[in-house]
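Notes follow the structure.
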Number of protein chains: 2
Amino acid sequence: MEKKRVGVLLSGCGVFDGSEIHEAVLTLLYLNREGVETICMAPDIPQAHVINHLTQEEMSESRNVLVESARIARGEIRDLKDVTAAELDALIVPGGFGAAKNLSDFAFKGPGGDVYPDVKRLIDDMLASNKPIGALCIAPATVGMALKDKSPELTIGNDENTIGALQALGVKHTVCAVDEIAIDVKNKIVSTPAYMLGPDIKHVANGIEKLVKQVLSMI
Amino acid sequence: MEKKRVGVLLSGCGVFDGSEIHEAVLTLLYLNREGVETICMAPDIPQAHVINHLTQEEMSESRNVLVESARIARGEIRDLKDVTAAELDALIVPGGFGAAKNLSDFAFKGPGGDVYPDVKRLIDDMLASNKPIGALCIAPATVGMALKDKSPELTIGNDENTIGALQALGVKHTVCAVDEIAIDVKNKIVSTPAYMLGPDIKHVANGIEKLVKQVLSMI
């Protein structure tokens, strides 16, 4: 039997301006344990900004989302624009602010913002092909923006402001603990709060392991 | 009972010019699962160079080891110069080329190179205090350089050139599989090949889990 192929959509490398590194690595670990082929991808665009992760201040430099995401993927990564839903059996989007700064502008504009076109194209195509999507941490905000016409059921943990912004989009929000998942059976979307709640990596890992297994079970 | 405190010495953020991200994250995961307190640290120095992880070419920019390591540590990191062996019960050094480019210059000069002074100071003090050290991937090269007078027993997997360079330092090398560990009982040093062998993250994870448990058992 051919291996299942799961896309992992990255958004840079670091919790404050890119993909949350722990979440991305744990996603890769649990996918590898389940014997699936992983296809990492990211958009070839400048990051919204670069944050010094020691001071949390903005740095006066520019970095590229695909190039920095390649650090997490150990160089094995593709330009998002070349990846189609037809190649994938499922898609998982780790969190980190990059998921709401580089894949959409939710972090800057809230529910009135836009999803980056190739991200919307891939998410739309996955849904239209009845293929499951997993979203971690703040990534459900971008998935929710992309799919606002589908009234998706998602979790981003328990942050009231973010929940309110998602509800304004028509998202049905479920409060979850860090090691739990929310399942939208109709749209085949699985989400987990990860570091929206944390704080322990072991609990984040448990939620991600559940998410990966649930996503794979819906293929 | 007070929590055990384990230092994790980082060297940047990315396999080709910093800490290997998967190895660092898995080290943090297994330490957290064992209920220990983790203290991430890195030297406040410029990286030896910056590598584009998509093309593997050198980039014409400068990054700081402590600032980039903070990405892996989610901002919770200390300047190596302020950390003493007296604060720690054990020390673990993840791999990635940064461990042999920024913590020492082994990657550029081989066994004739030098260990960065604060790295040598901390490793020497751990050994003098009879506290265990764990080293992953290529990090045993830097640990071996620091402790060459102690004839340490280490593994970096099975790469003959690297093994030859370590033997030139007086290191006793043990060939190990990716999910195995080498134990130097006398010097309390534990090592595992990690991504010196890879290629699967699940096997790298198994080796790191064993290393973490062995290191903690030697406290």
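The values are calculated or read from the model by the stated rules, or taken from the named source; none is laboratory data. All figures in this text were calculated on a predicted structure; none of them were measured in a lab. Every residue, glycine among them, receives a Cβ derived from its backbone with ideal geometry; neighbour counts consider all protein chains shown. All accessible areas refer to the heavy atoms of the entire protein, side chains included, with ligands and DNA or RNA removed. Shrake-Rupley method; radii C 1.70, N 1.55, O 1.52, S 1.80 Å.
Some points to look at:
- B:Gly95 being among the small types (Gly, Ala, Ser), open to solvent by 50 Å² or more (accessible area, probe 1.4 Å) and either touching a Leu at 6+ places or on another chain (Cβ under 7 Å) or at pLDDT below 95 (or both): no
- Taking (1) closer than 22 Å to A:Asn52 by Cβ; (2) more than 13 Å from the chain's Cα centre (by Cα); (3) more than 13 Å from chain A (Cβ to nearest Cβ); (4) open to solvent by 30 Å² or more (accessible area, probe 1.4 Å) in turn, B:Lys101 satisfies each apart from (2).
- If the condition is being open to solvent by less than 10 Å² (accessible area, probe 1.4 Å) and either within 10 Å of another protein chain (Cβ to nearest Cβ) or farther than 15 Å from B:Leu88 by Cβ (or both), then region B:1-21 contributes B:Ser11, B:Gly12, B:Cys13, B:Gly14, B:Asp17, B:Gly18, B:Ser19, B:Glu20, B:Ile21.
- Subset of region B:105-122 (residues that are open to solvent by 60 Å² or more (accessible area, probe 1.4 Å) and not hydrophobic (A, V, I, L, M, F, W, C)): B:Lys109, B:Gly112, B:Asp114, B:Tyr116, B:Pro117, B:Lys120, B:Arg121
- Filter result for the condition that a residue is more than 30 Å from B:Glu76 (Cα to Cα), surrounded by fewer than 24 Cβ atoms within 10 Å (Cβ to Cβ) and of a type in the set (D, E, K, R), over A:Asp179, A:Asp125, A:Asp200: A:Asp125
- Every condition in (1) under 23 Å from B:Ser69 (Cβ atoms); (2) of a type in the set (Gly, Ala, Ser); (3) in contact with a Pro (Cβ under 7 Å, 6 or more places away or on another chain) is met by B:Gly98 except one, and the failing one is (3).
- Among residues of region B:53-98, those that are in contact with a Gly (Cβ under 8 Å, 6 or more places away or on another chain), within 8 Å of chain A (Cβ to nearest Cβ) and among the basic types (Lys, Arg), counted: 1
- Taking first residues from region B:176-203 that are on the phi > 0 side of the Ramachandran plot and partners that are among the small types (Gly, Ala, Ser), the Cβ contacts under 9 Å between residues at least 6 apart in sequence or on separate chains come to B:Lys188/B:Ala90; B:Ala194/B:Gly95; B:Ala194/B:Ala139; B:Ala194/B:Gly157; B:Ala194/B:Gly207.
- Single match in B:Leu216, B:Leu166, B:Leu211 (criterion: among the hydrophobic types (A, V, I, L, M, F, W, C), more than 19 Å from B:Leu26 (Cα to Cα) and either outside any helix (DSSP H, G or I) or more than 13 Å from chain A (Cβ to nearest Cβ) (or both)): B:Leu166
- Of all residue pairs spaced 6 or more apart or on separate chains, those with beta-carbon atoms under 7 Å, a first member in region B:31-49 that is within 12 Å of chain A (Cβ to nearest Cβ) and surrounded by 17 or more Cβ atoms within 10 Å (Cβ to Cβ) and a second member that is among the polar types (S, T, N, Q) and assigned to a loop (DSSP other than H, G, I, E, B) are B:Ala42/B:Ser11.
- Residue among A:Val178, A:Val215, A:Val204 that alone is out of contact with any His (no Cβ under 7 Å at 6 or more places or on another chain) and β-branched (Val, Ile, Thr): A:Val215
- Scanning region B:146-170 for residues that are hydrophobic (A, V, I, L, M, F, W, C) and either free of Cβ contacts under 8 Å to residues at least 24 places away in the same chain or open to solvent by 10 Å² or more (accessible area, probe 1.4 Å) (or both) yields B:Ile163, B:Ala165, B:Ala168, B:Leu169.
- Taken over region A:20-76, residues that are closer than 24 Å to A:Arg121 by Cβ and in contact with a strand residue (DSSP E or B) (Cβ under 9 Å, 6 or more places away or on another chain) amount to 29.
- Taken as a whole, the condition of being open to solvent by 20 Å² or more (accessible area, probe 1.4 Å), at pLDDT 95 or above and within 19 Å of A:Ala99 (Cβ to Cβ) does not apply to A:Asp184.
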